[in-house]
Every structure is written in structure tokens, then in C-alpha cells.
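Report on one structure; see the data block that follows.
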Amino acid sequence: MNHLDDLESQSVYILREAYKHFKEVCMLWSIGKDSTVMLWLTRKAFLGHVPFPLVHIDTSYKVPAMIEYRDRLAREWKLKMVVGQNRDALAAGMGPEKGRLTCCSALKTEGLKHTLDGTWPRRAMNRDGVYEDVLDGEPYTGVIVGARADEEGSRAKERYFSPRDHNNDWDVADQPPEMWNQFKTDFAPNTHVRIHPLLDWTETNIWEYIDREQIPIIDLYFDKGTGKRYRSIGCETCTGMIESKARSPQEIIVELGKTTVPERAGRAQDQEDTYAMEKLRRDGYM
Amino acid sequence: MRWKSSAAMGTCNMADDQNSTERQTMNVVIVGHVDHGKSTLVGRLLADTNTLGDGKLEKVQETCRRSGKQFEYAFLLDALEEEQGQGITIDAARVFFRTDLRDYIIIDAPGHIEFLKNMVTGAARAEAAVLLIDAKEGVQENSRRHGYLLSMLGIKQIVVAVNKIDLVDYDEHAFRAIVEEYQEFLSGIGVEPLRFIPVSAREGDNIAAPGERLHWYEGPTILQALDGLKKAATDAELPLRMPVQDVYKFNEAGDDRRIVAGRIESGTLKQGDEVLFLPSGKRSHVASLEVFSAPTPERLTPGECASITLTEQLFVSRGELLCHPQAKPHVSTRLKVNLFWLGKAPMEPGKRYKLKLATSAVEVTIDSIDRVLDASELGSSSDKAQIERHDVAELTLRTRKPVAFDLSAELESTGRFVIVDGYDIAGGGIVREALRDNLETRRLERQLRDMEWVRGDVTPAMREELTGHEAAMIMFSGSSEAGKHDVARALEAALVKAGNHAYLLDGKNVVLGIDADIAFDDIDELVRRFGEVANILLDAGLLVISTTNVIGLADHRQIATQIAPAPMFLVHVGAKSDELADRADVCIDGKVAPKEGVATILAAFTNSAG
């Protein structure tokens with residue numbers, strides 16, 4: 001087994017544990033490369049099936065191509081697609097001009113929290129590929145997330161199975177022990193567990209695997225002749241493109257071998273404050 | 001700066017790596033007593049191998065300047081706000097770097113005793129360890145505790161770095177004294193370290209480049225020692241072990257394959273192999289190895305996640321251990337183990353815990369505590385009646401249901417376990433010995449009987465659909481005066497009235513007919529026959545209610561073994577001080593009205609059935 005086989009096997013094992021232990025389990029799909037790799041690993045784990053819903057939090061500021069790509073793949077792969085949104089905040093005019101961390105908190109963190117706990121309506125794709133509002137959804141007790149330890153400091157401290165209390169808070173200083181692939185699968189009422197199958201993957205590993213498996217990743221990551229591409233994708237308003245002529249996973253891998261610029265350098269919210277990401281994550285940000 | 005030459009030394013080069021798919025990753029944990037310089041060592045490794053992103057070093061230096069703190073390499077690791085404030089590592093952080101040889105995941109574990117569970121978490125993922133000892137402070141409590149835990153966690157490659165050698169003026173004698181003291185401790189617990197290296201993480205001596213003032217030292221630097229670590233040999237030659245993780249059937253999606261999923265921990269598996277599931281003892285053959293978007297492998301090797309189909313439609317479930325019939329694991333309810341305890345509340349006799357070993361999860365209690373050690377000293381043993389946080393103990397555990405396992409010395413991954421207290425993993429351990437329980441005969445009899453059992457076309461699932469419930473046994477215990485018979489009768493009536501298929505199997509009725517040919521004192525045979533009758537009723541899908549007084553207070557475990565995998569729910573009527581009361585799922589006072597007792601039982605039973 002080479003290093004990609006090892007990573008794949010560990011992720012598949014974790015996904016199967018998550019599916020086994022959590023009755024109400026969902027996977028967050030940001031449409032980006034990491035969570036799309038995670039979705040592919042799910043199909044590996046369950047022999048082509050995706051047995052749990054995929055949740056996307058739509059801030060309404062996403063690059064439009066992302067939504068189109070999401071729905072196309074959802075229909076093609078027969079995904080149980082669920083979309084959540086902070087409709088009240090949007091109606092009141094929330095946007096990055098109100099402050100990036102304020103905007104992230106409202107549209108992502110709050111939107112996510114209430115979509116996960118079922119207190120806000122969820123839009124779910126039905127069998128005909130059309131979205132319908134679903135009210136009174138059960139709270140998800142297991143939430144599968146594509147965080148990687150190498151992305152930034154606070155993510156390096158995550159567990160594969162990481163408990164969150166009823167406020168979605170992460171108690172960094174008091175995390176459960178995790179050893180020998182025995183995870184935290186018992187949890188108190190009103191708490192939930194975040195599950196991180198990609199914790200051990202690096203950005204390079206992700207692209208190596210996309211290349212090996214020929215995963216149909218969204219093409220925003222590739223240069224289409226302008227000499228620019230996205231290295232990390234998110235809201236159009238707060239995500240910058242990088243100067244790059246990489247047109248394929250192989251070219252990206254070569255480029256990553258030469259760069260020392262951090263992956264999230266184009267994500268404006270991270271740069272607001274030294275501990276911005278830790279603060280956002282303690283409150284439930286992904 | 002001197003470290004720029006590191007690439008020339010054959011250590012680090014990030015850029016041109018064309019065969020990255022063939023590269024290996026090595027997980028290394030950095031452990032040691034608090035303040036002995038673990039994070040500094042890791043920070044230094046990152047800086048000296050040029051692994052940090054552009055501006056990271058400068059950014060942290062700038063943050064320090066702004067807040068008036070002196071810059072330390074450790075700040076590169078201790079990214080969490082609280083850690084920088086307190087200058088300690090709270091959790092095990094993971095950092096990545098690469099050399100020409102391979103990729104590394106470095107796990108920086110906290111040395112503070114409060115965060116021992118984080119150290120264990122970090123170390124359990126590692127294949128090798130660097131253990132730091134402060135040259136000035138010498139061997140400390142957690143130097144020993146961490147050394148002991150590494151051996152228990154099964155980490156065999158240990159490099160000891162004697163750090164802060166600059167603080168003792170690069171003195172060889174100071175280094176030798178620590179080597180001698182710590183070597184003696186390690187050999188006492190059966191650990192042989194790879195080597196001792198004098199280093200100064202702060203000054204960069206012997207990290208990525210040799211220390212100029214350590215001319216008396218001729219061995220490798222830390223980076224060279226890391227590249228000298230070996231990947232563990234795969235366990236392909238060992239007996240096959242595949243813990244069953246789950247069984248899938250995606251009927252809704254038009255897929256009628258019945259998939260047994262699990263990961264190969266040791267040995268190899270291929271199509272056509274005869275396989276045995278333990279503890280149930282069921283046998284079948286591998287019909288196919290299933291994959292998604294990949295070529296079907298010829299055989300599966302250790303570390304691979306497997307999806308297999310079987311030639312027989314067996315009912316197997318999570319927790320069974322799949323093996324080849326010629327190389328079986330142990331099956332027992334009694335295990336002699338070494339254990340370390342991390343829980344806030346002590347581990348106590350009489351209390352119920354959950355034991356998770358591979359994919360099995362069973363209720364467990366302490367049978368006996370043989371020895372409790374203070375992990376930092378290890379010389380002193382005590383006759384403590386409980387196991388406190390951070391203690392290490394030798395004890396005997398008793399599981400409620402039989403478990404399949406190996407001895408840790410023979411097969412590591414199926415020879416270790418964790419203990420769950422309430423909602424949390426509170427301890428971990430390794431199995432040293434399988435103790436015989438008195439159920440072995442019953443277990444073998446059951447296996448033989450199940451192997452030949454003739455089945456009709458009606459499956460248990462079809463019966464469940466009809467009855468609306470799973471088959472289960474509800475067994476009463478308590479002295480003959482306790483009034484349990486009244487409650488049992490009321491329970492049968494209540495269940496049937498609510499539309500369930502329940503039957504009160506009175507022990508006396510079995511004695512009257514089936515046992516008419518044997519003596520009243522042939523307890524073994526009376527129990528065996530009773531268990532077999534119960535088994536047939538359970539096979540018919542019933543809820544079997546029973547009081548066994550008429551054949552004596554026979555060990556319920558015998559009957560539970562015979563009827564497995566059908567669950568047994570224990571109801572105790574009478575005083576709570578009883579030993580049987582300890583083992584019961586629910587306890588009721590014999591003086592309450594039967595109706596009230598029934599309500600209590602049903603609430604607990606519904607809860608246990610999930």
C-alpha cells in the first residue's frame with residue numbers, strides 16, 4: 001500500500017464508523033476539493049452509494065458555478081442533497097461589508113448551526129432533482145466534515161471524532177482521548193460529534209488522489225486561460241484567485257511543490273486577526 | 001545560517017519530488033516531561049527544514065514583538081491562543097514536513113500531566129517516538145511515565161534526545177549520567193531505545209545539522225535519526241483477523257449484495273477462503289471481494305478496508321472477528337490485562353464499563369485488581385482497591401458476553417482495547433492472558449449445534465416483521481420468597497395484551513416433562529436442557545420470560561451462552577445488595593405491586609432494546 005492507499009483506508013474506516021454509530025448523520029459538502037474528495041471516499045466506503053444526506057450552507061455569495069456543479073453532481077450520483085441558509089440575516093441585508101467575521105458568523109456559523117439542529121427549514125432535493133422545504137428535521141448528531149490538520153494551527157489539534165456541546169462549542173482544552181481507532185461514539189443528549197475523515201491528508205495528497213481517481217472536481221481550481229485560478233473556494237466576495245497557469249491536478253501538484261504560500265492566503269476572513277480561525281472554530285465554524 | 005546546508009546533507013528538499021505516489025509517511029510523536037523542550041524541537045525542525053510557509057516565522061516573531069514576549073520556536077506549534085498565553089502545549093498538534101527519503105507527520109504531545117490523555121492520543125498514532133529529557137533537570141516523573149506508556153502503546157522505536165545540552169555547557173559527563181539513569185529505567189520495563197542524542201533545540205545543535213560544540217558526539221542528528229527509522233513490517237504473514245465493522249445492504253438503491261465490511265488487521269484474505277466468525281462460531285466462504293471504481297484485488301492485505309460477500313446468507317454482525325478456521329483467536333469472558341487509566345473518576349470494582357476491542361463493544365466489570373502501579377515510579381506496587389487517574393494497573397476483567405481477541409504479544413491490533421466510562425473513553429490496555437471461563441463447553445456445543453441447524457425459508461427478519469419485535473429472553477433472579485413469579489406472570493400478560501408474542505417458560509414445566517428421565521440433582525443437565533428449550537422458543541421469534549428457581553440459581557451466563565446471539569435481559573427482584581442485583585439490567589423491590597414492577601421492567605427493557 002502506498003501513502004494514498006493508507007490515507008484512503010483510514011478515511012473509509014472512519015466513514016464506516018460514523019455511519020454505524022450515528023443514526024442522524026450528515027456530511028458537509030462545501031463543493032470544494034476536500035469535501036468532494038470526501039464524497040468520493042464515501043462512495044468507496046459504501047460501494048458506490050452515499051447513504052447519508054449532504055449538507056451545503058449557501059451564503060448566497062457563492063461563486064454561481066458552484067451551485068450549478070453541486071446540483072449536477074447531486075442528480076448524477078443520486079445524492080440526498082440538503083441546503084441550509086440564514087434567510088433572516090440575508091433579508092436584513094447581511095454581507096461582507098458589515099465586517100467579514102460578522103458575515104461569516106451569521107451566514108456560515110449561524111446558518112450551519114440551525115440547519116444541523118433542525119430549527120430552521122432545510123431545502124432538500126427530491127427524487128426528481130427539485131428542492132423542497134423540509135420543516136421539523138431531526139437534529140444531526142454526527143456531522144462529517146472535511147477539515148485537514150495541515151490547513152492551519154487550530155485544525156491540527158482536532159480529533160477524528162470531536163464532540164461539540166449544545167451550543168456547538170468546541171472545548172479545545174478538554175478533548176477525549178482517541179487511540180487505536182477507538183473513537184468517541186457515545187455522547188450525551190443535545191450534543192453532537194464532528195467527524196473528520198480527512199484529518200491526515202495534506203493539500204498535496206488531495207490533488208494526488210483527485211488525479212489518481214479522476215474525481216470530477218469543480219473547474220474553478222484550474223486556469224482557463226486567464227493565468228488565474230482559485231486555490232481555495234468559498235464566497236465570491238471574500239475569496240481571491242491566485243496567479244497560476246495550472247490546468248490540471250498534475251500541474252497543481254508540481255506548483256504546490258514549489259510554493260511556500262499558505263493555502264488559505266486567499267481567504268480574507270482568516271487574515272482579520274491572529275486567532276481568527278480558532279475563534280470561528282470554537283463557535284462552530286468548519 | 002548553518003541550516004541552509006541541510007539539503008546537501010541529504011535531509012530536506014521540498015521541491016522536486018516526482019514519485020510522490022510511492023513516498024512513505026512516517027508518524028513520529030515527540031514526548032517527554034513538561035518544559036523539556038518538545039515544541040521547541042518541533043518548531044526548530046520546521047524552521048531548519050524550510051517547511052514553514054512564507055512569512056510564518058516572521059509573523060510569529062512579529063506577534064511576539066507586539067505583545068512584548070521573547071520569541072520561541074515553540075510558538076510556531078502552539079497555535080492555540082491559550083497555549084501561547086501559558087507557554088505550554090495543551091493538545092497534540094500535528095505538523096508535516098518532508099525529507100528526501102519520505103514524508104513525516106510529527107505529533108507534538110503535551111508533557112503536562114493534566115493533558116496525559118492528549119499525549120496518549122498523539123502517541124497512539126505514532127510509529128516511533130522522540131523522547132526528550134532536559135539535560136539540566138534530568139529524568140523527571142513524566143520522562144518515566146511517558147516511557148512506560150510508549151511501551152504499552154506498542155511503540156518500539158524510541159529515540160531519546162537529551163535536550164538543552166547548551167545549559168550544561170555541552171558537557172559529555174552530564175549527558176552520560178542521564179543516559180545511564182534512563183537506560184536503566186527503560187530496561188526495567190523491557191524497552192530498548194534506538195539511541196540517545198545530545199541536542200539543543202533552541203540553538204539548533206544536532207537537530208538538522210551537527211552541533212559544533214558537541215565534537216565528542218559522533219552519532220546522527222535528530223533528522224538523520226528520523227530518516228533511520230524503519231517502517232513496521234506488514235502483518236501479512238500473521239493469522240488473518242478482520243473485525244466485522246458493519247453489514248450493508250443497499251436494497252433501496254437496487255443493490256442486493258449483502259456486504260460484510262471491515263478492515264484487515266493482519267493476514268490476508270482472498271476469494272474462496274473458508275472463514276470463521278468468532279465468538280458466534282459461524283462459518284462460510286468468501287464469495288467475492290467488492291470494490292467501487294477500482295480493479296478487484298486478488299487478495300486483501302493488512303490495513304486495507306474490505307467489502308466481502310459470503311456464499312451463505314449468514315446472520316453476522318459488528319463485533320465478530322473473521323479469521324481462518326485453522327488460526328483462531330481466543331474467546332472468553334475473562335481477560336488478564338495491563339491498563340492505564342485517564343478518567344476523572346477512578347475505575348472501581350462493581351461498576352459497569354464498556355470494553356471496546358477492535359469492533360466489539362461489551363459490558364465489562366473488574367473481576368480482580370492484581371496490582372496498581374504509579375506509572376511515574378513503577379517500583380512501588382500497592383494494594384489499592386481502585387484505579388486512580390494516571391495509574392497503571394494489572395487486573396482481570398470479566399465481560400458480560402464473550403469476546404474474541406488475541407494476546408497483545410501475539411497480535412497487537414486485536415490484543416488491545418479501551419474502556420468507556422459513561423460517554424467517554426477513560427482508559428486503554430493490552431491483553432496479556434486469556435483466562436478460561438466455565439462457559440467453554442457450552443460455547444462449543446452451541447457452535448456445533450448452530451453449524452448443523454436446519455433452517456426453513458422464514459428468516460428471523462420476517463418473524464420480526466410479523467411480531468414487531470426481536471426475539472429476546474427476559475430472565476428473573478431473586479430468592480424464592482421475593483415474589484418474582486407474580487411479576488413474571490404480570491409481565492407476560494402485559495406483553496401479550498399489548499400485541500407482543502411473549503411466553504412464560506416456567507422452569508418447573510421443563511422439569512416435569514423434558515427432564516423426567518434425569519435426577520433432580522443433575523444441575524448441569526437441567527440447565528442445559530432448559531437453555532435448549534429457550535433457544536427453540538427464541539428461534540421461533542418469541543419474547544421468552546423465565547424464572548429458574550425450580551432448577552436452582554444456576555449461573556445465567558450458561559443459558560446466555562446457549563441462546564446467543566439472542567439477548568438476555570436480567571431482572572432482579574429483591575434486595576439491591578445481592579451479587580445478582582449487581583449484574584441485573586433492572587432491579588425491582590419485591591414488595592411493590594406487580595403492575596408497578598411491570599412498568600419499571602418495560603421502561604428499562606424498551607430502553608435497552610434501543
### Message
If you average 1/r across every pair of different Cα atoms in the protein assembly as shown and take the reciprocal, what Kirkwood value do you get, in Å?
### Response
29.9 Å
### Summary
Sorted largest first, the Cα spans of the stretch B:84-229 on the principal axes come out in Å as 38, 36, 35
### Task
Determine, for each peptide in B:421-434, A:32-45, the mean count of other beta carbons within 10 angstrom over its residues, then list the peptides with the highest first.
A:32-45, B:421-434
### Cα-based equivalent ellipsoid of the stretch B:242-323: semi-axis lengths in Å, sorted from largest, via gyration tensor
18, 16, 12
### Query
Considering every residue in A:179-190, what mean count of other chain Cβ atoms within 10 Å of its Cβ is obtained?
6
#### Entry: 10 Å Cβ neighbours from other chains, averaged over peptide B:419-428
4
### Query
Roughly what would the spin-label model give for residue A:60 and residue B:489, points 7 Å off Cα along C-beta, in nm?
7.0 nm
### Message
With θ taken as phi - 60° and the coefficients 6.51, -1.76 and 1.60, list the Karplus ³J(HN,Hα) couplings across the stretch B:354-364 in order, rounded to whole Hz; mark glycine and proline as x.
### Response
10, 9, 10, 10, 6, 9, 7, 9, 9, 6, 9
### Message
Run through the stretch B:268-307 and list the GluC sites (Glu not before Pro) located in a DSSP loop whose Cβ has at most 16 other Cβ atoms within 10 Å.
### Response
B:298
### Task
Would you calculate the volume per residue, in Å³, of the smallest convex hull containing every Cα atom of the stretch B:481-610?
111 Å³
### Query
Can you give the Kirkwood hydrodynamic radius for the stretch B:330-437, in Å, rounded to one decimal and based on Cα pairs?
13.6 Å
### Task
Please work out, to two decimal places, the log10 of the ratio I(q)/I(0) at q = 0.11, 0.15, 0.23 Å⁻¹ from a Debye calculation in which every Cα of the stretch A:147-254 carries one identical scatterer.
-0.51, -0.80, -1.21
### Message
Principal axis extents for the stretch B:302-368, Cα atoms only, whole Å, descending order, please.
### Response
47, 23, 22
### Query
In sequence order, what are the phi-derived ³J(HN,Hα) couplings for the stretch B:170-186 according to the Karplus relation 6.51 cos²θ - 1.76 cosθ + 1.60 with θ = phi - 60°, rounded to whole Hz, with x for glycine and proline?
6, 7, 5, 5, 4, 4, 4, 5, 5, 4, 5, 4, 6, 4, 5, 4, 5
### Query
Using the C-alpha gyration tensor of chain B, what are the square roots of 5 times its eigenvalues, in whole angstrom, with the largest one first?
56, 28, 21
### Summary
Once amide hydrogens are built 1.01 Å from N within the peptide plane, the residues lying 5 or more places from residue A:232 or on another chain with amide H under 5 Å from its amide H are none
### Query
What is the packing order of peptides B:342-354, B:232-244, taking the mean over residues of other C-beta atoms within 10 Å and listing the highest first?
B:232-244, B:342-354
## Note on the structure
Counting other chain Cβ atoms within 10 Å of each Cβ in A:140-150 and taking the mean gives 1
### Query
So which of A:44/B:230; A:23/B:354; A:44/A:80; A:258/B:38; B:69/B:164; B:336/B:356 end up more than 23 Å apart, counting from Cα to Cα?
A:44/B:230; A:258/B:38
### Task
First obtain the Kirkwood hydrodynamic radius of the stretch A:203-271 from its Cα pairs, then insert it into the Stokes-Einstein equation at 37 °C and 0.692 mPa s, and state the resulting D in µm² per second as a whole number.
264 µm²/s
### Task
Treating only the Cβ atoms of Lys and Arg (+1) and Asp and Glu (-1) as charged, compute the dipole magnitude of the stretch B:330-437 about its Cα centre; round to the nearest 20 debye.
440 debye
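Where a number appears in this text, it was derived from the coordinates with a stated rule and is not lab data. Predicted, not measured: the structure shown is a model, and the values here were computed from it. Don't worry about glycine lacking a Cβ; one is built from the backbone with ideal geometry, like all the others, and counts go over all protein chains shown.
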